[in-house]
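These notes are about the structure you will find just below.
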Amino acid sequence: MRQSDVTVAMITRDRRAEVVRTLDRLAALPERPPVIVVDNASADGTAEAVRAHPVGATLLTPGRNLGALGRNLAARHATTPYVAFSDDDSWWAPGALATAAALFDRHQRLGLLAGRTLVGDADDEDPLNAVLAASPLPAAGDLPGRQVLGFLGCAAVVRRRAFLGVGGYHPVLFFGAEETLLAYDLAAAGWGVVHEPSVTAHHHPSPGARAGRSPLLLRNALLTAWLRRPLPVALSRTLALAAGAARGD
């Protein structure tokens, strides 16, 4: 793989220590990928830490919190054909980006590759790995792995042209459960979205749930249904959410 085949794009907000740890990991990769960090208006010195880090990341400071749209900004600034997304608490395994680039080179319809995610110091399998591996979608001879309509945002590699061609992440969702709508849009545009476990990412989330996370996920899942699914599906999802609310969920 040429050094410039894959750019790693990271979004962050007020998580300086996590950013430095992730940049350390990315700097040690044999592929030596260029790195772009979008700082979503941090107030804890994150931007200064990124500037000082020896990995030499390109720092983008939009001046406000863009949420997941920060990934769109990073992709627009990338100059490589492929972009691998990391969060500030995740990074790619050595060799993963080389493997991903080779798969994209061989499969010209491949738009997004969802990798295998290992969690924490014990490298536990993320439960989503099994869900993606069991996808009921049929195999495609011109694509690697298994076709899927979902992925984990911190363990995905995209063909930059495909990602930007469908508009990237949708602005209505902002952050949380934003991946499904992007998968729908890529598939609808004719791009392959696959799970390929030979490409590995490591995820070390901070302990404890983030405040407001569950309601945001529910809201965005419902918005995705109304934006992209047939009316009966959207109505069914809405009724299910209303029933949950009536039960006090």
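The values are calculated or read from the model by the stated rules, or taken from the named source; none is laboratory data. Computed from a prediction, not measured in an experiment: that's the story for all the values here. A quick note on method: Cβ atoms are made from the backbone with ideal geometry, for glycine too, and the neighbour counts reach across all protein chains shown. Side chains are part of the model used for accessible areas, which takes the heavy atoms of the whole protein and leaves out ligands, DNA and RNA. Shrake-Rupley method; radii C 1.70, N 1.55, O 1.52, S 1.80 Å.
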Which residues does the label zone of D123 cover in region 58-95, counting backbone N under 17 Å from a point 7 Å along Cα→Cβ?
90-95
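With the Cα gyration tensor of region 1-83 giving a ≥ b ≥ c as the square roots of its eigenvalues, does the rule (a/c under 1.5 for rounded; else a/b larger than b/c for prolate; else oblate) give rounded, prolate or oblate?
In terms of gyration-tensor shape, oblate.
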1.4 Å probe accessible area per residue over the chain, in Å²:
46
Take the alpha carbon gyration tensor of region 90-231, find the square roots of its eigenvalues, order them as a ≥ b ≥ c, and report rounded if a/c is under 1.5; if not, report prolate when a/b exceeds b/c, else oblate.
oblate
Portion, in percent, of the accessible area of region 129-249 that falls on carbon or sulfur, probe 1.4 Å
64
Can you order the peptides 221-233, 107-119 by their average number of other Cβ atoms within 10 Å per residue, highest first?
107-119, 221-233
Could you work out how far the C-alpha centroid of region 84-98 sits from that of region 8-29, in angstrom?
10
Shape call for region 157-249, from the Cα gyration tensor axes a ≥ b ≥ c (a/c under 1.5 means rounded, otherwise prolate when a/b beats b/c, else oblate), comes out oblate
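Ignoring everything except DSSP H segments at least 4 long, calculate the 222 nm mean residue ellipticity for the chain; use -39,500 (n - 2.57) per segment, divide by total residues, nearest 500.
About -11000 deg cm²/dmol.
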In terms of the ratio Rg/(2.2 N^0.38 Å) built on C-alpha atoms, what value belongs to the chain?
0.99
